[in-house]
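The values are calculated or read from the model by the stated rules, or taken from the named source; none is laboratory data. Everything numeric in this text was worked out from a predicted model, so none of it was measured. Cβ: placed from backbone, ideal geometry, glycine included. Neighbour counts: every protein chain shown.
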C-alpha cells in the first residue's frame, strides 16, 4: 500500500528553496555564458618594458574617455617589465621605480573604471624582456617552479583577470610546452578565479591547448609594417577548424593607429574581426588619430568578432593572390553570413564571388560594414574593385540558404596538427599548397596512427538519407583511408593516382542524418593519400 505524504512548506523554507533555485540557475547561466575573443589593450607594442603606474592608469582613462569601453573593449593588460626579481621566499617583486606603489593599486584603479586588469609572465624561468630589451631583473620571474605561488599572487592577491604567458624562458629551458602550460593552467584553476589565459607559444601548439587556455598565439610577433600583417594573415587563413568551444586563434596585438595606411589598417582590423582573433589595441589610446579610433570603434565589425556563434571565417575562394573568406552569423546554416574580399597584392584587383559559392540563394541583401551602408539587393554575384592591400567586408542576407556541397580539406580539423615541431619528423598532418587541388590547398601527412585523422565536424544536410559522397584524393602509391560517419566506420577508400598532386574522385554511399554530421577519415596503421576535398552529391537516394 502506498502512502501519500503531504509536505507543508513554511515561509522560511520557501525562501531557502527559492534562494537555492536562483543560485542554481545562476550557476547554469554562468557555465553557459561564453566569453568571446578578448577585447582590450596591451602595453607591449607601444611601450615595451618602459611601462609605469602612470602609463597604465592613463591608458585605462583613455579607454573610457575615447569611447572604447562603450563598444566592448574591457581589458587593460600589463605586459613585460613590471617585475624586479623575487624575494627569498619566492614571491615576484614589483619594479620599485616603474610601480612604486605596487600593482594592487593599479589593478584596483583599472577595476574602478569598470574595466578588467591583465598581467604577464613566462612559462620558463625568464621573460622575453630580459633577452630582447635588457631587462636583466626579469631572469628569475617566470612561472617555472612557482606556478601556484605566482597564480595565487596575481589572481587572488592582486585580482588580475587575464594573463599572457610567453615562451622565451620555456625555450631557454627546452621545456615540454604541453606539460608546462597544462601545469600553469591547473594552477590558475586552483585559484578559483575566472581568469582568461592566453598561451603565447608563437605557433599553434596542438589540440591540447583547447583544454588548457582560452586563446593561443598562432604566429610570431607582429611588427609595425604591412608585410608583418600580411604574413600573420597568411598563417591564419587555414586555421578556422581550430576556433571552437569559445577558444580562439590569436593573431597577435593590433598595430592599428600607428604607421599603416588607411587601407592597411582596415584590412588589419577587419580580418582580425572576421577571423575571431582577440582584439588587443597596441597603440597609445590617449593620442590615437581620429581615423584609427573610428575604425577601432566600428560596431558592425566588432559584431563579427563577438558574434555568438564564435566562428572564424574560412577561405572559399583563392584566385591569384586574392582570397574570399566567409562565416555564418547569428544562426548556424542560417540566411545571414559575413564575407571578406581580401587583396594582399600590390595592385588593385576586381574581385567577384558568386552568391552560390557563399551558399546564399535568391536575392541577397548586401551591407558594407566599413561604410555602414546598405547596398541593396543583388542577384547572382558580388563584384568589387578592391585596392592594393585592401579588404572589403559585407554582411549578407539571402532569401534562402543553400546546402554546402564541397568541403575542402583545408577547412577540416586535423587532430594531430601542430606548428611547433617539424611535421615530417613527428608525422603530423598538415595543410600544404598544391596547384592541382581545387582550392590550391590540400591536407597531407595523414594516418599512420589512429589519432592522426581528418574530420569535417559539421556536414549539414536538411534531409536525412543515403548520399553519394565523392572524396577527391591523390597518391603516388597505393594508399587507403577508412570513413567514419557519426562515430561508425562505414567504408574504406583505396587511392593510387600515380602523383601526389594529381587528384581524382572516389565514391562511397553514406547514410547521413538530418542536421549536422561528423565525417572522419583515418588510417590507424599506414599513411593515407593526400586529401583535397569531399563533395556531398545533391541527389539523395
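Residues to consider are 396, 341, 332, 358; find the one that is surrounded by 16 or more Cβ atoms within 10 Å (Cβ to Cβ) and part of a loop (DSSP other than H, G, I, E, B). Write out each step before concluding.
Details: 396 fails: part of a loop (DSSP other than H, G, I, E, B); 341 fails: part of a loop (DSSP other than H, G, I, E, B); 332 fails: surrounded by 16 or more Cβ atoms within 10 Å (Cβ to Cβ).
Only one candidate qualifies: 358.
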Hits in segment 308-325 (condition: in contact (Cβ under 8 Å) with a residue 24 or more places away in the chain and under 16 Å from the mean Cα position of the chain (by Cα)): 308, 310, 311, 312, 313, 314, 315, 325
Condition met for residue 174 (modelled with pLDDT of 95 or more and part of a loop (DSSP other than H, G, I, E, B)): yes
Lone qualifier among 293, 279, 304 - being in contact with a helix residue (DSSP H, G or I) (Cβ under 8 Å, 6 or more places away or on another chain), in the same structural domain as residue 115 (by TED's automatic domain parsing) and in contact (Cβ under 8 Å) with a residue 12 or more places away in the chain: 279
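So which residues in segment 326-354 are farther than 17 Å from residue 244 by Cα and within 19 Å of the chain's Cα centre (by Cα), if there are any at all? Can you show your working first?
First pass over segment 326-354, keeping only residues farther than 17 Å from residue 244 by Cα: 334-354.
If the condition is that a residue be farther than 17 Å from residue 244 by Cα and within 19 Å of the chain's Cα centre (by Cα), then 337, 338, 339, 340, 342 are the ones that fit.
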Residues satisfying the stated conditions in segment 184-225, i.e. in a helix (DSSP H, G or I), surrounded by fewer than 18 Cβ atoms within 10 Å (Cβ to Cβ) and more than 13 Å from the chain's Cα centre (by Cα): 186, 189, 190, 211
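In this structure, is residue 456 in contact with a helix residue (DSSP H, G or I) (Cβ under 7 Å, 6 or more places away or on another chain) and either closer than 21 Å to residue 238 by Cβ or loosely packed, with under 14 Cβ neighbours inside 10 Å (or both)?
Values: in contact with a helix residue (DSSP H, G or I) (Cβ under 7 Å, 6 or more places away or on another chain): no; either closer than 21 Å to residue 238 by Cβ or loosely packed, with under 14 Cβ neighbours inside 10 Å (or both): yes.
Criteria not met by residue 456.
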Residue match in segment 481-500 (condition: on the phi < 0 side of the Ramachandran plot, in a strand (DSSP E or B) and touching a residue at least 40 places away in the same chain (Cβ under 8 Å)): yes
